[in-house]
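Here the structure comes first, spelled out in structure tokens, and everything after it is commentary.
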Amino acid sequence: MVNSPKIEIRNLYKIFGSDPKTALEKVKAGMGKEALLSDTGHVLGLQNISIDINESAITVVMGLSGSGKSTLIRHINRLIEPTDGQVFIDGEDALLLDQDELRNKRRTDMSMVFQKFALLPHRTVLDNSALPLEVRGVSKSERHAEAQVWINRVGLGGFEKHYPYQLSGGMQQRVGLARALTSNSDIMLMDEAFSALDPLIRSDMQKLLLELHVELKKTIVFITHDLDEALRLADHLVILKDGAVVQQGDPQGILLNPSDPYIEAFVSDINRARVLRVRSVMTALDKKFKYAGDVAPSDTLESLIARSEGDTSCKFRVVEEENPIGQIDMQDLVKALVPRVSEVEQRNL
Amino acid sequence: MAFYDGLFNALGLREWCDAAAGSSKMSMASLLAKTNPDAADEGPVFPFPSMDELYQACPSFPQSREFTAGVEEAFLNVKDVLKSVLDPLTQPLSWLLEFALFIFLAAPWWVVVPLILLFVWYVCRSVAVTTFVTISFAFLAFIDHLDAALQTLAIIAVCTGICIILGVPIGIAMAKSNRFQRSLLPLLDLLQTLPTFVYLIPLIFLFSVTEPKLYGIAIIVYAIVPVIRLTDLGIRLVDQDVVEAANTFGMSPRQKLLGVELPLALPNIMAGVNQTIMMSLAMVVIASLVSAPGLGVLVLRGIRNLELGVGLIAGLGIVLLAVILDRVSKAAIARVSTDQTFK
Ligand SMILES: Nc1ncnc2c1ncn2[C@@H]1O[C@H](COP(=O)(O)OP(=O)(O)OP(=O)(O)O)[C@@H](O)[C@H]1O
Ligand SMILES: [Mg+2]
């Protein structure tokens, strides 16, 4: 239960074009995206993707436009069929489902939130939110009652009778969220769900999502092209480039040890003090020192800098639930704040 | 001496040609040539080898009027088979038209007209449009043209109804299957380009002129195309993001069609219905040539007997009907569009 992932993606390939099988051979033989397009006219959507998506965690898939994020997430509910590879959901091969089984799986086990909201324009907020239950054949009074709960939960109480066009973008996406929540599925897929919103609303929605996640423990696959958003939400971060995974793992680890210049470029612009946490920088406990105080492993470096009042000579003890688990040296902290830039780029500077 | 004599001689067919000499029918041209021998030599220097020209050189060769006769015979031969299939199939159309005409005329005006006005109010919810329709009907009734106008309306109502019942499912099927769309589009293009008189002729022979279904079919064939086209287009234009959402939540094809695609395509479908109504009206006038009752008959009388006043008044009535039908259907489209909030 703890060890088996909720969703396993194994060696997934997706090639768009008239004859993907032949193109697949070429890709497996080492042909790149550009070469494939110019030689055969096929688009390499995904290549050799393997990801474990853990239950009750937020897995964030990040990449630039065209890197294949939408294509990847649509393989999980099979809106797109893979060219090669496997997708397991709860240990069950999702590619073996027939049409009816697939439909049932979509009805009960997964929901999705879309970048462009994709609400039904001719239905009220209440009917839009109740859609997943309506599809399952739940009676009107029951589904409206359930939808109402989630409409209130996302903060749209009072807007049930409104139509989507009467709402702002942020409110429409709350409806999208309420719709996904009403389906009461374990898995929630979110394709750039907050990308169309302005920064303040976006931050509100991220907060709402995190609250809901603590409360509901759903397995969330979240897609974004924004690193700040990714770092705020991710338990597990997957970085895609040209349809391939370039690095995946704990977001703090990726931030401290980017494996690729592409990722370095990504991470060089963000406010590291606000994102990095004590846990990622601390070292083993060494009792000889006199500590300036105790901190929690989940504190951000920013809060620590504030506490030390800029004094780089002091050290703090890291304490988790009353047990000392390590220490943090302000000098290490300062070093961690400087992004590692690859040698190539340094020469250019 | 005919121009192509040499040809048949060279082919060695002279004997076969002359076998039929004298037994064949005479064409008007050769008859004229006989009575007026001087004119015979004034043919073109190098005539096109048409059937009649070849016949002159070789009496065994068929004349073009025999070709016409052959086509006619072929049509008459398949006609009986065609009729035995089409007649029962289309009989309900006759009943429907007769029934509608009967109801519209048999019921007293103070029942029919208020019902129509109620219907207008129901579909478009517009005071202005309903008032306009009321005034128009009062005017038509005042100049004693109400019955003819009602007959025309009855025919349009039945034909439009059938166009919708047949056209919307065909349009849906076209939107769902690219192959079906590809194979049907040329037929729809043909129906839209064919001058109406061209297919009136076979219809007249297929059904008797006294049967209402004759003009019913003529109107439907002519007017059904826009409903089909715009249903197809409307469904194809439905926002693909919304369709994807429908799939994501596991909607069955039926749920998707009824809950998403048709409602979102409705403004387009209604635009098709509007065009269908207008085309039915245009055709109902022509159809009065084949016994469709209504204002068209009066227009026809105006033309035939050069009764200028009768023709003009009937024409005015048709213009009024056209404006009414157009306003009402457009107002209905505007209403569903705002209901659907596509602004
Ligand atoms: N149906 C399709 N046919 C052909 N190529 C496609 C198709 N769908 C996607 N692609 C290609 O696959 C690649 C990945 O597309 P995808 O939509 O997954 O990117 P994305 O990472 O979601 O980008 P964005 O951030 O812009 O949404 C692109 O190069 C795109 O051109
Ligand atoms: Mg995308």
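The values are calculated or read from the model by the stated rules, or taken from the named source; none is laboratory data. Predicted model, so just to flag it, every value in this text is computed and none were measured. FYI the Cβ positions are ideal-geometry reconstructions off the backbone, even for glycines, and counts take in every protein chain you see. Calculation scope for accessible area: heavy atoms of the full protein, side chains included, ligands and nucleic acids excluded. Shrake-Rupley method; radii C 1.70, N 1.55, O 1.52, S 1.80 Å.
Residue-by-condition table, conditions (1) facing chain B (nearest Cβ under 10 Å); (2) away from ligand 1 (no atom under 16 Å from the Cβ):
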site	(1), (2)
A:Gly66	no, no
A:Ser70	no, no
A:Asp93	no, yes
A:Thr108	yes, yes
A:Val113	yes, no
A:Arg123	yes, yes
A:Leu126	no, yes
A:Val154	no, yes
A:Gly158	no, yes
For this session: Would you confirm whether any residue within the stretch A:214-222 is touching a helix residue (DSSP H, G or I) at 6+ places or on another chain (Cβ under 7 Å) and more than 16 Å from ligand 1 (Cβ to nearest atom)?
Result: yes
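For (1) among the basic types (Lys, Arg); (2) open to solvent by less than 50 Å² (accessible area, probe 1.4 Å); (3) in contact with a Lys or Arg (Cβ under 6 Å, 6 or more places away or on another chain), each residue gets a yes or a no:
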residue: A:Phe289; (1), (2), (3): no, no, yes
residue: A:Ala296; (1), (2), (3): no, yes, no
residue: A:Arg307; (1), (2), (3): yes, no, no
residue: A:Val319; (1), (2), (3): no, yes, no
residue: A:Ile328; (1), (2), (3): no, yes, no
residue: A:Gln331; (1), (2), (3): no, no, no
For this session: Keeping to the stretch B:140-179, report how many residues are assigned to a helix (DSSP H, G or I), closer than 20 Å to B:Leu325 by Cβ and either β-branched (Val, Ile, Thr) or touching a Pro at 6+ places or on another chain (Cβ under 6 Å) (or both).
Result: 10
Problem set entry | Members of the stretch B:243-290 that are farther than 29 Å from B:Ala149 by Cα and away from every other protein chain (no Cβ under 12 Å) | B:Leu257
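Results for (1) among the polar types (S, T, N, Q); (2) under 30 Å from A:Asn184 (Cβ atoms); (3) within 20 Å of the chain's Cα centre (by Cα), shown as yes or no for each residue.
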residue: B:Leu230; (1), (2), (3): no, no, yes
residue: B:Ile235; (1), (2), (3): no, no, no
residue: B:Asp239; (1), (2), (3): no, yes, no
residue: B:Val243; (1), (2), (3): no, yes, no
residue: B:Asn247; (1), (2), (3): yes, yes, no
residue: B:Arg254; (1), (2), (3): no, yes, no
residue: B:Leu257; (1), (2), (3): no, yes, no
residue: B:Met278; (1), (2), (3): no, no, yes
residue: B:Gly296; (1), (2), (3): no, no, yes
For this session: Identify all residues within the stretch A:44-103 that are part of a helix (DSSP H, G or I) and more than 16 Å from ligand 2 (Cβ to nearest atom); write none if there are none.
Result: A:Ala94, A:Leu95, A:Leu96, A:Gln99, A:Asp100, A:Glu101, A:Leu102, A:Arg103
For this session: Having 1 or more residues that are among the aliphatic types (A, V, I, L, M) is the bar; report the helices (runs of 4 or more DSSP H) wholly within the stretch B:221-328 that clear it.
Result: B:225-236, B:240-248, B:262-286, B:295-305
Exercise. Are any of the residues in the stretch A:112-128 within 23 Å of the chain's Cα centre (by Cα), away from ligand 2 (no atom under 16 Å from the Cβ) and in a helix (DSSP H, G or I)?
Worked result: no
Problem set entry | Breaking point among (1) over 21 Å from the mean Cα position of the chain (by Cα); (2) surrounded by fewer than 17 Cβ atoms within 10 Å (Cβ to Cβ), for A:Thr83 | (2)
For this session: Keeping to the stretch A:128-137, report how many residues are within 9 Å of chain B (Cβ to nearest Cβ) and not hydrophobic (A, V, I, L, M, F, W, C).
Result: 3
Exercise. Do we find that B:Leu31 is more than 46 Å from the chain's Cα centre (by Cα), within 24 Å of B:Gly70 (Cβ to Cβ) and at pLDDT below 85 in this structure?
Worked result: no
Exercise. Taking the stretch A:34-48 as the search range and keeping residues that are under 20 Å from A:Ile239 (Cα atoms) and open to solvent by 40 Å² or more (accessible area, probe 1.4 Å), which one is modelled with the lowest pLDDT?
Worked result: A:Glu34
